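The values are calculated or read from the model by the stated rules, or taken from the named source; none is laboratory data. Predicted, not measured: the structure shown is a model, and the values here were computed from it. Cβ: placed from backbone, ideal geometry, glycine included. Neighbour counts: every protein chain shown. Heads up: the accessible areas ignore ligands, DNA and RNA and are worked out on the full protein's heavy atoms, side chains in. Shrake-Rupley method; radii C 1.70, N 1.55, O 1.52, S 1.80 Å.
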Amino acid sequence: MKTKLSTFLISKREILKELVTDLNTEFKYVSLLGVDTIGTTYSVSKRGSSVGDSNWGERGFVIRVYNGANYSEYSFNTLNNLEDVKNKVKSIVKNDLELLVKSGTKLMEFPLINEEEMTKEFHTDYEIDPFSISAEEKLSKMTELMNIGLTKSKDFIDFRVNFEEVKISKVFISTKKDLSQSILYTNMSLIAIGNKAESGVKYDFRGLSGLKGFEIFDGALLEIDRVSNSVIQLFDAKRIVPGDYEIICDPSVSGLIAHEAFGHGVEMDMFVKNRAKGEEFLGKQVASEKVNMRDGALSGDEVGTYLFDDEGTLGTDTLVIEKSILNSGISDLLSALKLGTVPTGNGRRESFERKAYARMTNTFFEPGEDSLEDMIKSVKKGYMLEGYFSGMEDPKNWGIQCVIAKGREIINGEFSGNIVSPILLTGYVPDLLKSVSMVSKTPLELSGGGACGKGYKEWVKTSTGGTYIKAIGRLG
Amino acid sequence: MKNIIELLNIKSNVDEYKIVVSTVSSTELFFIKEELQMNRSKDVKHINITIYRNFVENDIKFKGSSTTVIEPTMSMDEISKKIDTAALAASFVKNQFYNLVDPTNDVPTDLPSTFKEGNPIEHISNLVKDIFSEDNQFEAFINSCEFFINKKDIRILNSKGVDVSYTVYDGEIELITEANGEKESIELFDVLNFSDYDPAWIKETVKDSLYKSMLRTKAVPISALKDIPVILTGEAVQDFFSYYQVKAAAQMIYQKISTVEIGDMVQQGEIKGDLVTATLKPYIPNSSKSRSYDDDGFFLKEITIIKDSKLLGYYAQKRYADYLGITPTGGIQNIEINCGSTSIDDLKKGPYLELLNFSDFQMDPLTGNFGGEIRLGIYFDGTLEIPVTLGSISGVAKDVEGNMLFSKEQQKLNSFIGPKFIKLNNISIAGN
């Protein structure tokens, strides 16, 4: 089945085109992004359940105009009076900028956007329309999963099941472009929470995501044992002795490293600000020869997939690291204009209410040629790192922080049965990536259950992943 | 709005409802060094409706709810369908019964802000001048910054007659400072949140960030350290104390994640150090979280929930207060933690590691696990103060809370007032 564009956007498309045409008489460049995203979240837990519209839901518009030096934007969500919208855009450009310039503000110069004529549309596929399934059926299935989860340990105080369905509809209209896309994705999470007197509260989660419909539920049952066993193991977890260890990262941790280390590190709006060390390393070695890394709306089929970004640039597939060499950054349109590079279609907004920045989409290390068994056997003393809670980037100075759910100790090529938690993986990114000595040939795993921020804001859906990688990591 | 209320009142599938209307206008500026890269503005309205269904099964009362967003561009037909869908979903949500908030005659506190009067672009222009007036000090400079002033008009209504409104100003500056060291340039990241114009505080924050940036250029990678006293500063202090607020939350008690009972000590084991005292405050000057009502329209009043580590009462919104049979505090978003009696000079006697900036200090409020990668610290080995970087700290609250010392010096960070420093003992540091 193909996802359909929202009837609201279809019905308003001509009015929006007229708005762009009218503003174009005054401004050399005008574009409009219209968004109508619907979604619902369902949560079931032992002590209560909830249903509500997804936080990703939005319906509104953002207009961008060339103001003679750079670009001004206006976000709004009513269409009652288009004259008000036009006047507001003119006021932002003329009155506000005039006052700022009078008060001593210098305007940074940007070239005029030069677009090619383009009309395109895009619709993702799914098997079962999740919106057609009743809330009763979804909640019933989720309650069943929760009840199975709760039987896995007498020490579980809760087993939460979350499901989210989101349908994105976007139109991008400028003088030369007329683009539309509709994308359906779903995600689920299973969170086991246990409490034992001697070890306190422990929890872990497993996520499922994808450009899927209600069929995502098919995979949920298999995750119950994984997440339950993980929490049962965490009850006996010990504190790690801080130090440098041989580590094998599972695909989720590999993906987090790819994302935090060189995903954020090559966002090219940071190049414009001189905030990314990556700029000076383009064409240079930043990792071991085992490392290939990609990002792009077309690099994978996950929650970061789209036809065009929030500035109307078509999505691409960027080989960020090619056999150890930093090959390319990822950019939004305005940064590419300023840097004189070709935009990669990575200009994304948290919502129509926010500015566009260079952002990741689907980011991962490519599979290698090693077997996972050989990787484990090769470890003298180290840990298999499994699952994570968060990560933080440092594009200027290439530090990395990953909060890892747990580590399974490996001694002389075998799991000892010891578990450590919590773990912080930190260090200098090139040291970490240059130490990558093995990459598994297991299938690429992408996961898009969470969201990515830039600093502490501007959340967007991204997917990350890879296969298993072996490296040396600082754990604390 | 009148049409929506009328629609809700005539629908038989809606037992009760709550409406939260937010009308937001913003002025936003984005700078790279001293040059304006982009200016933005927005005018948006959001209407969030929660539909409640009350039902009885086996003589037990339940309440189901579902929240839906009504967009200003929706037709009445669309709105009606959204309400029906939410009402149907709510009928399958089987939660323990609770009551909605009742209206009161309490008089709300006025939330003062200079931003109320005049032109927003002039206000934001003043912020720009204040920030850049402190540029280029300590061999450090401003790399880039983003300015936001949001005016939020909030109205909260429910089917029991609550109809309250207030206006809040939510200001934010994202500040990146940079300094060139001998080998490389470094940066530090700061976020300033506020609701009023305080040029002295803004200038002081910029100055402090520039100074720390300079310090980071001189920092050396930290060595692994065992059992070193650690001094947390700034936002890490606020994050650390969030553990105790969550521990005292009625929602956590109801969900059996927290088991602390009223009268219990929130710090475990023998306590030789300072005791936590926490007061929830609806209003703190210049906090973007100050308000007289929570999201349910409940009128907020100041309350001390933890006194000398003893839990006096739970932090509870109406729903969870009903579940536990206690008086609600409402969802108060500001907190004050009492300072200690030790001066920073006394905290710094003997070797210590003072942590000035993290990549992202994290306190897991469920487990008490805390930690973060160190971007900048000062290691005092007993003789010399050495700026350090990289490495990481990690620990568990229960292992350190018996021996914490809070400074008598105070800090204010938007919605938090509390000690400027916390000293934790016996922490191990991962490093070279």
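Using beta carbons and a limit of 6 Å, which pairs, at least six apart or on different chains, have the first residue in region A:281-295 and open to solvent by 60 Å² or more (accessible area, probe 1.4 Å) and the second one of a type in the set (S, T, N, Q) and assigned to a loop (DSSP other than H, G, I, E, B)?
Listed by first residue and then by second, the contacts come to A:Gln285/A:Ser324; A:Glu289/A:Ser324.
Restricting region B:170-184 to residues that are touching a strand residue (DSSP E or B) at 6+ places or on another chain (Cβ under 6 Å) and open to solvent by 10 Å² or more (accessible area, probe 1.4 Å), which is farthest from the other protein chains (Cβ to nearest Cβ)?
It comes out as B:Asp170.
Got a number for residues in region B:131-143 being within 12 Å of chain A (Cβ to nearest Cβ) and among the charged types (D, E, K, R)?
Of the residues in that region, 0 qualify.
For region A:445-467, enumerate the residues that are farther than 15 Å from A:His259 by Cα and open to solvent by 10 Å² or more (accessible area, probe 1.4 Å).
Answer for region A:445-467, where residues must be farther than 15 Å from A:His259 by Cα and open to solvent by 10 Å² or more (accessible area, probe 1.4 Å): A:Tyr456, A:Lys457.
Go through B:Lys218, B:Lys307, B:Lys247 for me and flag whichever is more than 26 Å from B:Asp170 (Cβ to Cβ) and within 18 Å of the chain's Cα centre (by Cα).
Testing whether each residue is more than 26 Å from B:Asp170 (Cβ to Cβ) and within 18 Å of the chain's Cα centre (by Cα) leaves just B:Lys247.
Within region A:155-183, can you find the residues that are open to solvent by 20 Å² or more (accessible area, probe 1.4 Å) and not charged (D, E, K, R)?
A:Ile157, A:Asn162, A:Ile168, A:Thr175
State whether the residues of region B:60-80 include one that is outside any helix (DSSP H, G or I), open to solvent by less than 50 Å² (accessible area, probe 1.4 Å), within 11 Å of chain A (Cβ to nearest Cβ) and of a type in the set (D, E, K, R).
Looking through region B:60-80, at least one residue is outside any helix (DSSP H, G or I), open to solvent by less than 50 Å² (accessible area, probe 1.4 Å), within 11 Å of chain A (Cβ to nearest Cβ) and of a type in the set (D, E, K, R).
Can we say B:Gly418 is small (Gly, Ala, Ser), more than 9 Å from chain A (Cβ to nearest Cβ), part of a strand (DSSP E or B) and within 29 Å of B:Ile284 (Cβ to Cβ)?
Judged against the criteria, B:Gly418 is a match.
Within the set of pairs 6+ apart or on separate chains, which have a first residue in region A:142-157 that is closer than 13 Å to A:Asn229 by Cα, a second that is surrounded by 15 or more Cβ atoms within 10 Å (Cβ to Cβ) and among the aromatic types (Phe, Trp, Tyr), and C-beta atoms under 6 Å apart?
A:Gly149/A:Phe159; A:Leu150/A:Phe156; A:Leu150/A:Phe159
Of everything in region A:304-325 that's closer than 22 Å to A:Lys355 by Cβ and aliphatic (A, V, I, L, M), which residue is surrounded by the most Cβ atoms within 10 Å (Cβ to Cβ)?
A:Leu307
Tell me, which strands (runs of 3 or more DSSP E) lie completely within region A:28-122 with 1 or more residues that are open to solvent by 40 Å² or more (accessible area, probe 1.4 Å), within 9 Å of another protein chain (Cβ to nearest Cβ) and farther than 26 Å from A:Gly315 by Cβ?
The qualifying strands (runs of 3 or more DSSP E) are A:48-53.
So that you can scan it fast, the table gives a plain yes or no per residue for (1) touching a residue at least 24 places away in the same chain (Cβ under 8 Å); (2) open to solvent by 20 Å² or more (accessible area, probe 1.4 Å); (3) part of a strand (DSSP E or B):
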residue: B:Val14; (1), (2), (3): yes, no, no
residue: B:Val20; (1), (2), (3): yes, yes, yes
residue: B:Ser26; (1), (2), (3): yes, no, yes
residue: B:Ser41; (1), (2), (3): no, no, yes
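Within region B:185-208, restricting attention to residues that are of a type in the set (S, T, N, Q) and more than 14 Å from chain A (Cβ to nearest Cβ), which residue is most open to solvent (accessible area, probe 1.4 Å)?
Filtering first and then ranking leaves B:Thr205.
Please go through region B:274-301 and give me each residue that is open to solvent by 10 Å² or more (accessible area, probe 1.4 Å), out of contact with any Phe, Trp or Tyr (no Cβ under 8 Å at 6 or more places or on another chain) and assigned to a loop (DSSP other than H, G, I, E, B), ordered by number.
B:Leu275, B:Lys281, B:Pro282, B:Tyr283, B:Pro285, B:Lys289, B:Asp295, B:Asp296, B:Phe298, B:Lys301, listed by residue number.
Conditions first: (1) in contact (Cβ under 8 Å) with a residue 40 or more places away in the chain; (2) out of contact with any Ser or Thr (no Cβ under 9 Å at 6 or more places or on another chain); (3) within 14 Å of chain A (Cβ to nearest Cβ). B:Ile326 passes all but one, so which condition is the exception?
(3)
Just to be sure I understand the filter: pairs with C-beta atoms under 8 Å, separated by 6 or more residues or on different chains, first member in region A:332-360 and without any contact (Cβ under 8 Å) to a residue 12 or more places away in the chain, second member among the aliphatic types (A, V, I, L, M) and open to solvent by less than 10 Å² (accessible area, probe 1.4 Å). Which pairs pass?
Within 8 Å, the pairs are A:Val342/A:Ala336.
Name the residues in region A:268-300 that are touching a helix residue (DSSP H, G or I) at 6+ places or on another chain (Cβ under 6 Å), more than 23 Å from A:Lys470 (Cβ to Cβ) and part of a loop (DSSP other than H, G, I, E, B), would you?
Scanning region A:268-300 gives A:Met268, A:Ala276.
Can you name the residue in region B:371-392 that is facing chain A (nearest Cβ under 9 Å) and either open to solvent by 40 Å² or more (accessible area, probe 1.4 Å) or in contact with a Pro (Cβ under 9 Å, 6 or more places away or on another chain) (or both) and, of all such residues, is nearest to B:Asp345 (Cα to Cα)?
The residue in question is B:Thr389.
Check region A:366-386 and report whether any residue there is of a type in the set (Val, Ile, Thr), outside any loop (DSSP other than H, G, I, E, B) and over 27 Å from B:Lys398 (Cα atoms).
Yes, there is a match, as at least one residue in region A:366-386 is of a type in the set (Val, Ile, Thr), outside any loop (DSSP other than H, G, I, E, B) and over 27 Å from B:Lys398 (Cα atoms).
On the given criteria, is A:Lys2 surrounded by fewer than 20 Cβ atoms within 10 Å (Cβ to Cβ), in contact with a His (Cβ under 6 Å, 6 or more places away or on another chain) and farther than 20 Å from A:Thr313 by Cβ?
Yes.
Do you know which of the residues in region A:454-473 that are assigned to a strand (DSSP E or B), over 18 Å from A:Asn187 (Cα atoms) and not hydrophobic (A, V, I, L, M, F, W, C) is nearest to the other protein chains (Cβ to nearest Cβ)?
Checked region A:454-473; the qualifying residue nearest to the other protein chains (Cβ to nearest Cβ) is A:Lys457.
With respect to A:Ala405, is the statement that it is hydrophobic (A, V, I, L, M, F, W, C) and within 11 Å of chain B (Cβ to nearest Cβ) true?
The answer is yes for A:Ala405.
Which members of region A:196-250 meet the condition of being within 14 Å of chain B (Cβ to nearest Cβ), of a type in the set (A, V, I, L, M, F, W, C) and either in a loop (DSSP other than H, G, I, E, B) or closer than 17 Å to A:Ile148 by Cα (or both)?
Passing the criteria: A:Ala197, A:Phe205, A:Val231, A:Ala237, A:Ile240, A:Val241.
List the residue pairs whose Cβ atoms are under 6 Å apart, where the first residue sits in region A:232-261 and is within 12 Å of A:Glu409 (Cβ to Cβ), the second is aromatic (Phe, Trp, Tyr), and the two are 6 or more positions apart or on different chains.
Cβ pairs passing all conditions: A:Tyr245/A:Tyr383; A:Ile247/A:Tyr383; A:Ile248/A:Tyr468.
For A:Leu446, are the conditions met, namely being part of a helix (DSSP H, G or I) and within 24 Å of the chain's Cα centre (by Cα)?
Criteria not met by A:Leu446.
Only one of these conditions is not met by B:Pro365: (1) in a strand (DSSP E or B); (2) open to solvent by 30 Å² or more (accessible area, probe 1.4 Å). Which number is it?
All conditions are met except number (1).
Scan region B:292-315 and report the pairs whose first residue is within 10 Å of B:Thr277 (Cα to Cα) and whose second residue is among the aromatic types (Phe, Trp, Tyr), with Cβ atoms within less than 6 Å and a gap of 6+ or a chain change.
These pairs meet every condition: B:Ile305/B:Tyr315.
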